[in-house]
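*Asks:* Dumping the structure here so I can ask a few things about it.
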Amino acid sequence: MGAGPAGLTAAWELTSKGVPCEIMEADPTEVGGIARTASYKGFRFDIGGHRFFTKSAEIQRVWREILPAEDWLHVSRMSRIYYKGKFFAYPLRALDALSKLGVATSALCVSSYATARVFPRKEERSFEDWIVNRFGERLYRIFFKTYTEKLWGMACCDISADWAAQRIKGLSLTSAIRNALRPQRGGGDGVIKTLIDQFDYPKYGPGMMWERAAEIVQQRGGVLHMGSPVVLLNHGDGLLRQVVARNDTGALTATGTDYISTLPIRTLVEMLHPAPPPMVQAAAAALRYRDYLTVVLVLDRAEVFPDNWIYIHDPTVQLGRVQNFKNWSPFMVPDAAQTALGLEYFCTEGDGLWEAPDAELLALGARELAHIGLCQPDEVVDGTVVRMPKAYPVYDDHYKENVALCRAWLAEHLGNLQLVGRNGMHKYNNQDHSMMAALLAARNILGERWDPWKVNTDAEYHEEVKAGDDEAGRIMPRRLEAAYGQGSARMRAEPWP
């Protein structure tokens, strides 16, 4: 269920061993899920940005088997932060940041940092507490607060400190200055071993990978049903018995011995027949997601900025990030004299941004891009809008127990179903981690024994790999909430009906 990276990887592995399979995909025309490459009048663009970098030789092998060498580009990474008309290096470099802020602001930042060190917040309960203790109040407000709140739609004081502790671990103003003055490579504990400043990229975007994977699966005998969203899952006697999808001709049913789902857990549970007990339904319904949309603007200008993407920390605009697809690959634009920019707006499905007409969003994007000085209004000659629901699973204070409850019930009552993928596992996986979980799920069907849930993801915020680091689970912000925990504990203690 689902023809994104996880679903197609599982199908690719199964068909490589001669095992027939069917794939149900809701989108009528495009595979790849959030990793697809959309197109508009010859312009190709990512839904976000998808670099191809992995620590797994297994995943690297799969990528190279799907796409030949001539379809790959080796791209140098460049990303910066835009704040008050200036561009700051990202990952942050202390001396670069302080020098561009100016003498007066830098002095206030250093003073604020000194105050935080002498009088730290004693209880690091929130994201804000954690950052302020390590960077001071002023740097927190400049480089952390605005973008984080745009992304997650909640105040930094409501986001759990453990997100910062995992995603920005080992970093403070002191360590940043020390690394800037005396950079080291290799050696003892805590020394930076590698920094991901280059990555591979399919020349026509990540969708090229998944379009080709779908072709290979079908050539091997796999069946791909496009425009066929799953609407019903019939189960009984401890097994999933039948998947029912809907397409232009009516109902489409599929039966098999084994099933793999990349659907959001909340959606999956809602489709079950018979319905699971109320406590499982409540746990699934409590799982939340963050959505976003991309406003693609075509500019009548050959060069706009040299970055792959820019983070927008200006609080006067709603814009969160700008992708320059031409700087990922020149093949993404049909006319070298023009540039396509992807303006990312983080929102929640059904809110004002999500529901705004495309024309209104295009006008907003052009206006905000001009406001921050990245273009002139008359340079925007065309554009389109792409919406991506459930782009990020949200890790609130109770997501773990809610996922665990759903997993336990599904394992007991649908023993031939495996969950993989970002939304399928409610884990903020990178593309390669979703693929690895899918490979293991497929190999379980082939007779091996693996636990896809043990596939770990990087916790390094700046993508630094340090000697002695382990690979903890990559996490998302967790909303601080006071209620509901005891109720969940009681639900877990109840026997299944």
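The values are calculated or read from the model by the stated rules, or taken from the named source; none is laboratory data. Just so it is clear, the structure is predicted and the values come from calculations on it, not from any experiment. We place every Cβ from the backbone using ideal geometry, glycine too, and count neighbours over all the protein chains shown.
*Asks:* Quick test of your reading of the structure: L287 fulfils all but one of (1) closer than 30 Å to H225 by Cβ; (2) part of a strand (DSSP E or B). Name the failing condition by number.
*Replies:* (2)
*Asks:* If you take the residues in the range 356-382 that are surrounded by fewer than 13 Cβ atoms within 10 Å (Cβ to Cβ) and modelled with pLDDT under 95, which one is farthest from L297 (Cα to Cα)?
*Replies:* G373
*Asks:* Determine the pairs where a residue that is under 11 Å from L293 (Cα atoms), located within the range 349-363, has a partner that is among the hydroxyl-bearing types (S, T, Y) with Cβ atoms under 8 Å apart, the partner being 6 or more residues away or on another chain.
*Replies:* Pairs found: E349/Y289; L353/Y345; W354/T348; D358/T384; L361/Y345.
*Asks:* Here are the criteria: (1) of a type in the set (V, I, T); (2) closer than 30 Å to K145 by Cα; (3) at pLDDT 95 or above. Tell me which single one V103 does not satisfy.
*Replies:* For V103, the exception is condition (3).
*Asks:* Looking for whichever is outside the structural domain of V230 (by TED's automatic domain parsing), in contact with an Asp or Glu (Cβ under 6 Å, 6 or more places away or on another chain) and either in contact (Cβ under 8 Å) with a residue 12 or more places away in the chain or closer than 28 Å to N429 by Cβ (or both) here; the options are V296, V317. Which one fits?
*Replies:* The conditions single out V317.
*Asks:* So, I47, is that one in the same structural domain as A35 (by TED's automatic domain parsing), within 22 Å of T294 (Cβ to Cβ) and touching a helix residue (DSSP H, G or I) at 6+ places or on another chain (Cβ under 7 Å) or not?
*Replies:* yes
*Asks:* Evaluate the range 394-411: report whether one residue or more is in the same structural domain as G236 (by TED's automatic domain parsing), at pLDDT 95 or above and touching a Pro at 6+ places or on another chain (Cβ under 7 Å).
*Replies:* Checking the range 394-411: at least one residue is in the same structural domain as G236 (by TED's automatic domain parsing), at pLDDT 95 or above and touching a Pro at 6+ places or on another chain (Cβ under 7 Å).
*Asks:* Taking the range 1-57 on its own, how many of its residues are in contact with a Pro (Cβ under 9 Å, 6 or more places away or on another chain), among the hydrophobic types (A, V, I, L, M, F, W, C) and closer than 24 Å to L446 by Cβ?
*Replies:* Total meeting the criteria: 2.
*Asks:* Out of the residues in the range 32-49 that are in a loop (DSSP other than H, G, I, E, B) and among the small types (G, A, S), which is surrounded by the fewest Cβ atoms within 10 Å (Cβ to Cβ)?
*Replies:* G42
*Asks:* Follow-up question, since we're still on this one. Just for helices (runs of 4 or more DSSP H) wholly inside the range 50-167: which have at least 2 residues that are under 28 Å from the mean Cα position of the chain (by Cα) and not basic (K, R)?
*Replies:* 57-66, 94-101, 127-135, 137-140, 146-152, 161-167
*Asks:* Under 9 Å between Cβ atoms, which residue pairs at least 6 apart in sequence (or on different chains) link something in the range 248-272 that is buried (at least 16 other Cβ atoms within 10 Å of the Cβ) and assigned to a helix (DSSP H, G or I) with a partner that is among the aromatic types (F, W, Y) and modelled with pLDDT of 95 or more?
*Replies:* These pairs meet every condition: V269/W409.
*Asks:* Does the range 367-379 contain at least one residue that is under 30 Å from A282 (Cβ atoms) and either touching a Phe, Trp or Tyr at 6+ places or on another chain (Cβ under 8 Å) or touching a residue at least 40 places away in the same chain (Cβ under 8 Å) (or both)?
*Replies:* The answer is no, given that none of the residues of the range 367-379 is under 30 Å from A282 (Cβ atoms) and either touching a Phe, Trp or Tyr at 6+ places or on another chain (Cβ under 8 Å) or touching a residue at least 40 places away in the same chain (Cβ under 8 Å) (or both).
*Asks:* Could you tell me which residue of the range 70-111 is surrounded by the most Cβ atoms within 10 Å (Cβ to Cβ), considering only residues that are of a type in the set (S, T, N, Q) and touching a residue at least 60 places away in the same chain (Cβ under 8 Å)?
*Replies:* If we filter the range 70-111 for residues that are of a type in the set (S, T, N, Q), which is where we start, we get 76, 79, 99, 105-106, 111.
So of that shortlist, the ones also touching a residue at least 60 places away in the same chain (Cβ under 8 Å) come out as 76, 79.
Working: S76: 10, S79: 16.
Result: S79.
*Asks:* What pairs come up if the first residue lies in the range 138-163 and is in the same structural domain as D314 (by TED's automatic domain parsing) and more than 18 Å from L293 (Cα to Cα), the second is outside any helix (DSSP H, G or I) and of a type in the set (A, V, I, L, M), and their beta carbons are under 9 Å apart, counting only those six or more places apart or on different chains?
*Replies:* Pairs found: none.
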